[in-house]
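Heads up, the thing below is written out as structure tokens.
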Amino acid sequence: MRPSQAIIDLDALRANYRLAASLAPQSQTMAVVKANAYGHGAVAVARALEPLVPAFAVACSEEALDLRSAGIAKPILLLEGFFSQDEIALAAANNFWLLVENEHQVEALAKTALPTPLTAWLKIDTGMHRLGAPLSQGIRLYEQLRACGHIRQPIVIASHFACADELDNDCTARQIQRLKQFAHSISSTTTPPLSMANSPALLGWPESHGAWNRPGFMLYGSSPFADAHPAADQLQAVMSFQSQVISVRTVPCGETVGYGNTWRATRDSIIATVPVGYGDGYPRHAPSGTPVLVAGQMAMLAGRVSMDLITLDVTNLSGIAIGSPVELWGKNLPVNSVAAAAGTIGYELLTRMPGRLRRIYRAE
Ligand SMILES: *Cc1c(COP(=O)(O)O)cnc(C)c1O
């Protein structure tokens, strides 16, 4: 079989979750498994984490239903709430928690009769300006939700950060302050439960830890920060994107490699070909020079990424032959490094891994 595959280390996943939870011992830590668990396979990831986590989060009810069909029983927060009224009864019946942010959603919730109570969280816009009720409307929406007999109390107040990965940017402190002030304005005696922290905030902004934290990316083992960070650097990569060399050739000085002849040998060069390309989730925009590990040695991409193949300059490496193991990213080559070379972020590379690539799950 084609040797390209993603090995998914479920023990590393669980260790990362335990690290996340241990950093915020006063909080409940849900596991965000949206977008097919950031490309790792939502069902397998949720099954591995279910004994550890109090709840999951996904983007929408389609993703949540896939988990229910697979037998996942824990509550599932829908980060984008609901889009049509018929999803409200579906949510109540399936214990999906709804994150709501506007008056249409709150009114729809108020007028839907339900046989079972429903959990709804209110999202407040503290500065991201993408989703969330403006601070000025938040209290009215909160009171409306509170008046619904079929909504569980207390209602969690949530917000999302724009710059939590920038530890020297005071925008996050301002967002935290705004949400805390908002919660205080609701009731100065019993502040409602809060939920703010994504991965970078869980790691880097302890003041943001609330009743519920919502880490995603860090569970998959990469740092959300550009720079070294003591806790983030303990995370273990969950996905190892692997393949093998299937062809080796000598390319004389002056000859070119690949589509568009974009790479030219400046000396007699040894080129190794690997059966992985943008059809397998390797980024087409990765330029010549992007690092790839071959038999534990650092090689460089040479020429354009094709749909099914890449070519590597292995001239300086020793012992490279057909069958030599290749790591595109994983435990020895951080996905963030490949992402940086390709002008994107690790989040995108993991999340866009296509179904074509075989995923192999490993655990002790
Ligand atoms: C995706 C998402 C998260 C998780 O963010 P990470 O940076 O992956 O930890 C948390 N909250 C919301 C609202 C999200 O959309």
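Can you tell me which of Ala147, Ala164 is at negative phi and surrounded by fewer than 13 Cβ atoms within 10 Å (Cβ to Cβ)?
Going through Ala147, Ala164 in turn, the sole match is Ala147.
Name the residues in the range 256-284 that are over 21 Å from Ala321 (Cα atoms) and open to solvent by 80 Å² or more (accessible area, probe 1.4 Å), would you?
Tyr259, Asn261, Arg264, Thr266, Tyr278, Arg284
Mind listing just one residue for me: the one in the range 227-240 that is in contact with a helix residue (DSSP H, G or I) (Cβ under 8 Å, 6 or more places away or on another chain) and of a type in the set (A, V, I, L, M, F, W, C) and, of those, farthest from Leu13 (Cα to Cα)?
Among residues in the range 227-240 that are in contact with a helix residue (DSSP H, G or I) (Cβ under 8 Å, 6 or more places away or on another chain) and of a type in the set (A, V, I, L, M, F, W, C), the one farthest from Leu13 (Cα to Cα) is Ala231.
Could you tell me whether Ala6 is closer than 24 Å to Ser240 by Cα, open to solvent by 20 Å² or more (accessible area, probe 1.4 Å), of a type in the set (A, V, I, L, M, F, W, C) and away from the ligand (no atom under 14 Å from the Cβ)?
No.
Look at the range 210-220 and say how many of its residues are open to solvent by 10 Å² or more (accessible area, probe 1.4 Å) and either assigned to a loop (DSSP other than H, G, I, E, B) or in contact with a helix residue (DSSP H, G or I) (Cβ under 8 Å, 6 or more places away or on another chain) (or both).
Adding up the residues that qualify gives 3.
Just to be sure before I move on: is Thr290 free of Cβ contacts under 8 Å to residues at least 60 places away in the same chain and crowded, with 18+ Cβ neighbours inside 10 Å in the structure I sent?
yes
How about the range 242-258: which of its residues are touching a Gly at 6+ places or on another chain (Cβ under 6 Å) and either among the hydrophobic types (A, V, I, L, M, F, W, C) or in a strand (DSSP E or B) (or both)?
Of everything in the range 242-258, those that are touching a Gly at 6+ places or on another chain (Cβ under 6 Å) and either among the hydrophobic types (A, V, I, L, M, F, W, C) or in a strand (DSSP E or B) (or both) turn out to be Gln244, Val257.
Within the bounds of the range 300-311, is there any residue that is open to solvent by less than 10 Å² (accessible area, probe 1.4 Å), within 16 Å of the ligand (Cβ to nearest atom), touching a helix residue (DSSP H, G or I) at 6+ places or on another chain (Cβ under 6 Å) and modelled with pLDDT of 95 or more?
So far as the range 300-311 goes, no, none of its residues is open to solvent by less than 10 Å² (accessible area, probe 1.4 Å), within 16 Å of the ligand (Cβ to nearest atom), touching a helix residue (DSSP H, G or I) at 6+ places or on another chain (Cβ under 6 Å) and modelled with pLDDT of 95 or more.
Among the residues in the range 169-176, are any at pLDDT 95 or above, under 22 Å from Val58 (Cβ atoms) and not in a loop (DSSP other than H, G, I, E, B)?
Checked the range 169-176: no residue is at pLDDT 95 or above, under 22 Å from Val58 (Cβ atoms) and not in a loop (DSSP other than H, G, I, E, B).
Can you tell me which residue is surrounded by the most Cβ atoms within 10 Å (Cβ to Cβ) among those in the range 69-101 that are under 20 Å from the mean Cα position of the chain (by Cα) and more than 24 Å from Glu143 (Cβ to Cβ)?
Ile76
Which ones in the range 22-73 are without any contact (Cβ under 8 Å) to a residue 60 or more places away in the chain, within 12 Å of the ligand (Cβ to nearest atom) and under 20 Å from Pro193 (Cβ atoms)?
Of everything in the range 22-73, just one residue is without any contact (Cβ under 8 Å) to a residue 60 or more places away in the chain, within 12 Å of the ligand (Cβ to nearest atom) and under 20 Å from Pro193 (Cβ atoms), namely Phe56.
Quick one: which helices (runs of 4 or more DSSP H) lie wholly within the range 1-81 and hold at least 3 residues that are on the phi > 0 side of the Ramachandran plot and in contact with a helix residue (DSSP H, G or I) (Cβ under 6 Å, 6 or more places away or on another chain)?
Because the criterion is at least 3 residues that are on the phi > 0 side of the Ramachandran plot and in contact with a helix residue (DSSP H, G or I) (Cβ under 6 Å, 6 or more places away or on another chain), the helices (runs of 4 or more DSSP H) in the range 1-81 that meet it are 34-38.
Out of all the residues in the range 183-203, which are outside any loop (DSSP other than H, G, I, E, B), open to solvent by 10 Å² or more (accessible area, probe 1.4 Å) and out of contact with any His (no Cβ under 7 Å at 6 or more places or on another chain)?
Of everything in the range 183-203, those that are outside any loop (DSSP other than H, G, I, E, B), open to solvent by 10 Å² or more (accessible area, probe 1.4 Å) and out of contact with any His (no Cβ under 7 Å at 6 or more places or on another chain) turn out to be His184, Ser185, Ile186, Leu194.
The values are calculated or read from the model by the stated rules, or taken from the named source; none is laboratory data. Keep in mind that what you see is a predicted model, and the values were worked out from it rather than measured. Positions of Cβ are backbone-derived with ideal geometry, glycine not excepted, and every protein chain shown enters the neighbour counts. Only protein heavy atoms, including side chains, enter the accessible area calculation; ligands, DNA and RNA are left aside. Shrake-Rupley method; radii C 1.70, N 1.55, O 1.52, S 1.80 Å.
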